[in-house]
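Heads up, the thing below is written out as structure tokens.
Laboratory data are not the source of any read-out in this text; all were calculated from the coordinates shown. The structure presented is a predicted model; accordingly, all values stated were derived computationally and were not measured. Please note: Cβ atoms are built from the backbone with ideal geometry, for glycine as well, and neighbour counts cover all protein chains shown.
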Amino acid sequence: MSIHREGTYTLVISAVLLAVLNGVVFIYFPSLFPFLFAVSVALYLFLISFFRYPDRTVKVIDDNVFLCPCDGKVVVIEEVEEPEYFKDKRLQVSIFMSPLNVHINWHTISGTIEYYKYHSGKYLAAWNPKSSTENERSTTVYNYGSGKVLVRQVAGALARRIVCYAKQKTTIKQGDELGFIKLGSRMDIYLPLGTEINVKIDDVVKGNITKLATKR
């Protein structure tokens, strides 16, 4: 396991600031130093954990399966009207990522990126249904030959930065990185009607490992 590149700057700056703060407290307020040092270590270990980069390499690409694009908990499975791109009914599966989850996002299937758009917005709690259309978000649509799937990265109340590496009209491979969302957030996946969903509400899933759905 390594550290994701999105965390390098944060970890370096945090280390410097914590070192300076602890140095000042050690000199001027020595009685508080043990407590502050313990808190600083816990905070820094949390940051390291948040930016952890586990090996999730997809060994065998399966064009009939949609892999989960992130770690988290399944909070929505329902038929909805997708208003941004398809403008028709789709099967929506939403995965909530807590601050304790790995926050890397992966491509759910191989294909071509047909559409990409970033939207600025609010920072409602990620489990709020309105977060899908009102929060800061990034929409990516894949054309996988026999159909299309839309994946939306949604910022949460704590998440303040969505990173997306998607570029329109580029060919991508299942399991490669889509992006990264910092702190709590969610991902919405809009699948064609009739797709077989392989997860259920409250399932804990892992990106690039758990089978989200199967083509029909």
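Please arrange 152, 5 by counting, for each residue, the other beta carbons lying within 10 Å of its beta carbon, fewest first. The most exposed by this proxy come first: 5, 152. As a proxy for reagent exposure, 202, 71 were ordered by neighbouring Cβ count within 10 angstrom, fewest first; the result is 202, 71.
Residues 68, 164, ranked from the fewest to the most other C-beta atoms within 10 Å, line up as 164, 68. Phi angles of segment 98-112 translate, via the Karplus equation with coefficients 6.51, -1.76, 1.60 and θ = phi - 60°, into HN-Hα couplings of 7, x, 8, 7, 5, 10, 6, 10, 10, 6, 6, 7, 7, x, 10 Hz per residue; Gly and Pro are given as x. Rounded to whole numbers, the Karplus 3J(HN,Hα) couplings from phi for segment 190-195 are 10, 9, x, 4, x, 5 Hz, using 6.51 cos²θ - 1.76 cosθ + 1.60 with θ = phi - 60°, and x at Gly and Pro. Which one of 173, 59, 148 has the biggest mean-square fluctuation once the chain is modelled by GNM with Cα springs under 10 Å? Fluctuation is largest for 59.
Of all the options 155, 166, 19, the one that moves most in a Gaussian network model of the chain with Cα springs shorter than 10 angstrom is 19. Between the C-alpha center of segment 149-216 and that of segment 55-77 there is a gap of 8 Å.
For Rg and Dmax of the Cα atoms in Å, the choices are (i) 19.3, 68; (ii) 20.4, 81; (iii) 16.0, 50; which was calculated from the structure? It is the one labelled (i). Over the residues of the chain, the helix contribution to mean residue ellipticity at 222 nm works out to -6500 deg cm²/dmol, using -39500 (n - 2.57) for each DSSP H run of at least 4.
Each Lys and Arg contributes +1 and each Asp and Glu -1, all at the Cβ; summed about the Cα centre of the chain, the dipole is approximately 260 debye.
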